[in-house]
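For reference, the structure is listed below as C-alpha coordinates.
The values are calculated or read from the model by the stated rules, or taken from the named source; none is laboratory data. Here the structure is a predicted model, which means the values were calculated and not measured. Note: ideal-geometry Cβ built from the backbone for every residue, glycine included; neighbour counts use all protein chains shown.
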Amino acid sequence: MELPNKDKKVDQKNFTSYRESRDWLQRNGFKSVGMVLDEPWKEYFVERWEKEGFVALTVNILYLPKGESLSLPLLSYEKPYQIDIALSSK
(Lines give C-alpha, C1' and ligand atoms only; values in the text may rest on other atoms or scores of the structure.)
Protein backbone atom coordinates (compact mmCIF):
# COMPACT_ATOMS: atom_id res chain seq x y z
CA MET A 1 0.00 0.00 0.00
CA GLU A 2 1.61 3.26 -1.12
CA LEU A 3 1.90 6.02 1.46
CA PRO A 4 1.17 9.59 0.38
CA ASN A 5 4.02 12.03 -0.07
CA LYS A 6 4.27 14.24 3.04
CA ASP A 7 4.78 17.27 0.77
CA LYS A 8 1.23 16.74 -0.50
CA LYS A 9 -0.35 17.03 2.97
CA VAL A 10 -3.26 19.47 2.86
CA ASP A 11 -4.90 19.18 6.28
CA GLN A 12 -4.76 17.61 9.72
CA LYS A 13 -7.65 16.90 12.05
CA ASN A 14 -7.54 15.70 15.65
CA PHE A 15 -10.31 13.98 17.60
CA THR A 16 -10.87 12.68 21.13
CA SER A 17 -11.82 9.15 20.00
CA TYR A 18 -11.38 6.75 17.11
CA ARG A 19 -15.15 6.64 16.66
CA GLU A 20 -15.32 10.42 16.31
CA SER A 21 -12.52 10.41 13.73
CA ARG A 22 -14.09 7.54 11.77
CA ASP A 23 -17.48 9.26 11.76
CA TRP A 24 -15.88 12.47 10.41
CA LEU A 25 -14.14 10.55 7.61
CA GLN A 26 -17.31 8.71 6.61
CA ARG A 27 -19.40 11.91 6.63
CA ASN A 28 -16.81 13.48 4.32
CA GLY A 29 -16.89 10.67 1.79
CA PHE A 30 -13.75 8.73 2.75
CA LYS A 31 -13.77 4.93 2.64
CA SER A 32 -11.43 2.72 4.66
CA VAL A 33 -9.14 0.59 2.51
CA GLY A 34 -7.40 -1.17 5.40
CA MET A 35 -4.43 -0.98 7.66
CA VAL A 36 -1.05 0.23 6.39
CA LEU A 37 1.31 -2.75 6.49
CA ASP A 38 4.48 -0.90 5.47
CA GLU A 39 7.25 -0.53 8.07
CA PRO A 40 7.27 1.29 10.40
CA TRP A 41 3.66 2.41 9.95
CA LYS A 42 2.12 -0.97 10.72
CA GLU A 43 3.49 -0.72 14.27
CA TYR A 44 1.43 2.43 14.80
CA PHE A 45 -1.84 0.83 13.61
CA VAL A 46 -2.22 3.35 10.81
CA GLU A 47 -5.45 3.04 8.82
CA ARG A 48 -5.70 4.32 5.26
CA TRP A 49 -8.84 6.02 3.92
CA GLU A 50 -9.42 7.18 0.37
CA LYS A 51 -11.70 9.57 -1.43
CA GLU A 52 -11.38 10.68 -5.03
CA GLY A 53 -8.22 12.78 -5.16
CA PHE A 54 -7.36 12.40 -1.46
CA VAL A 55 -5.76 9.96 0.98
CA ALA A 56 -6.24 10.13 4.76
CA LEU A 57 -4.16 8.28 7.33
CA THR A 58 -5.46 7.83 10.88
CA VAL A 59 -3.32 7.06 13.90
CA ASN A 60 -3.60 7.20 17.69
CA ILE A 61 -0.60 9.41 18.41
CA LEU A 62 -0.48 8.25 22.04
CA TYR A 63 0.39 4.69 21.06
CA LEU A 64 4.12 4.17 20.85
CA PRO A 65 5.82 0.88 20.01
CA LYS A 66 8.17 -0.55 22.65
CA GLY A 67 11.40 1.30 23.15
CA GLU A 68 10.35 4.52 21.43
CA SER A 69 9.73 7.84 23.09
CA LEU A 70 8.04 10.91 21.77
CA SER A 71 7.64 14.28 23.42
CA LEU A 72 4.18 15.63 22.71
CA PRO A 73 2.64 18.95 23.80
CA LEU A 74 0.07 18.46 26.57
CA LEU A 75 -2.74 19.60 24.25
CA SER A 76 -2.04 16.58 22.03
CA TYR A 77 -3.27 14.28 24.78
CA GLU A 78 -6.73 15.88 24.67
CA LYS A 79 -7.34 14.83 21.05
CA PRO A 80 -4.94 11.99 20.28
CA TYR A 81 -6.66 10.54 17.21
CA GLN A 82 -4.96 12.27 14.30
CA ILE A 83 -6.00 12.30 10.65
CA ASP A 84 -3.50 13.47 8.04
CA ILE A 85 -5.08 14.30 4.69
CA ALA A 86 -2.97 14.49 1.53
CA LEU A 87 -3.51 14.73 -2.19
CA SER A 88 -3.54 11.30 -3.80
CA SER A 89 -0.62 10.43 -6.05
CA LYS A 90 -2.93 8.49 -8.40
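Taking the range 1-26 on its own, how many of its residues are of a type in the set (K, R) and over 20 Å from L87 (Cβ atoms)?
Qualifying residue count for the region: 2.
Taken over the range 15-33, the criterion of being under 12 Å from the mean Cα position of the chain (by Cα) and either modelled with pLDDT of 95 or more or among the charged types (D, E, K, R) (or both) is satisfied by F15, S21, R22, L25, S32. Among the residues examined, E39 qualifies as out of contact with any strand residue (DSSP E or B) (no Cβ under 7 Å at 6 or more places or on another chain), at pLDDT 80 or above and in a loop (DSSP other than H, G, I, E, B).
Cβ-Cβ distances below 6 Å connect no pair with a first residue in the range 70-81 that is of a type in the set (A, V, I, L, M), a second residue that is modelled with pLDDT of 75 or more, and a separation of six or more residues or different chains.
Remark: pairs (first residue in the range 1-20, closer than 13 Å to T58 by Cα; second residue at pLDDT below 90 and part of a strand (DSSP E or B); Cβ separation under 8 Å; 6+ apart in sequence or on different chains) = Y18/N60.
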